[in-house]
Every structure is written in structure tokens, then in C-alpha cells.
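**Student:** Please read through the structure below; I'll follow up with questions.
Bear in mind that the values in this text are calculations on the coordinates, not laboratory data. As the structure is a prediction and not an experimental result, all values here were calculated from the model. Quick reminder, even Gly has a Cβ in these numbers, built from the backbone with ideal geometry, and neighbours come from all protein chains shown.
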Amino acid sequence: MTAKATFTEVENGDGSAKLVQWTLTTADHTGQAIGYPEWSVRSFQVEGTFGGATLAIEGSNDMTNYRAITNQGDTVKLQWTEAQDILQAQQTCRKMRPRLTAVGVDASLVVSMLMVRPTPMRT
């Protein structure tokens, strides 16, 4: 099964920031892929019980093949085996999703992605 993404407007007043969240578990280990490439500044935070799982952020431009996304310095893949630093994505893709690449036992993770438009929207 695929974990559904939920969207929340961020209280900045001009509509140029959104919070997207997924709850991934051992049963639902792939997050719904989302678009919105115009919200190209994206940072990720992961919290919860890993249970041996590895979480990765993946992207696709062809909407079929998903590949690893790297951090802003393009030095490491965006992946977690425990709760740690918030990381910003280097690449902008047509679709992005979180996925447990190693499922683990009784994993339950909340993945939060803040998306910001580099140019604020007009209100």
C-alpha cells in the first residue's frame, strides 16, 4: 500500500509555503509521490520508530523510475536510519516521495517536507 500525503498551508500569509506529511509503516512503506516542482526549496525531517528501517527520499522526472535525492551540498543521499538533522534537497523533480528502502520491524515514521516557492505568490 501507499501512504497518503497530507498538505497543510504554512502560516506565512502569502501561500508560498506548504507542509507535506506522510506516515510510513512496515505495511505502508512507500509514500504517495507528489509534484509541485514550482515549490522547489524542500527540507525534510523524519521522526518516529525506525525498528531497523532505512528511509530514503526519491525523485523521478519520467514518473516511472525513482532515484535517490541528495542533500543541498550534493554530498550525501537523503536517507535516515534514525531521527537526525533536517536536510534540504539539492534536486527538483516532477515527483518526489519518501520510501523505506529497508523496511525494518514495526517501523512507524512521520516524514515532514516543507516546500517553499523561491518567489512568493501574489495575494
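**Student:** Give me the one-decimal nm value for the distance between modelled label points at residue 101 and residue 64, 7 Å along each residue's Cα-to-Cβ direction.
**Tutor:** Distance between label points: 2.2 nm.
**Student:** A follow-up question, please. Can you compute the label reach from residue 84? Point 7 Å from Cα along the Cβ direction, backbone N cut-off under 13 Å, restricted to region 26-53.
**Tutor:** Of the residues in region 26-53, 46 have backbone N under 13 Å from the label point off residue 84.
**Student:** Compute the length gained on full extension between residue 41 and residue 4: take 0.36 nm times their separation in residues and subtract their Cα-Cα distance, giving the result in nm to one decimal.
**Tutor:** My answer for the length gained is 11.2 nm.
**Student:** Let me ask something else about it. Which one, 11, 58, 38, has the greatest fluctuation when you compute a Gaussian network model over the chain with C-alpha springs under 10 angstrom?
**Tutor:** 11
**Student:** Also: So which lysines pass the test for residue 4, namely a Cα distance under 20 Å, with those fewer than 8 places away in the same chain ruled out?
**Tutor:** Within the straight-line limit of under 20 Å, residue 4 reaches these lysines: 18, 95.
**Student:** Still on this structure, I have one more. Just want the ordering: 99, 117, 42, from fewest to most Cβ atoms lying within 10 Å of their own Cβ.
**Tutor:** The order, fewest Cβ neighbours first, is 117, 99, 42.
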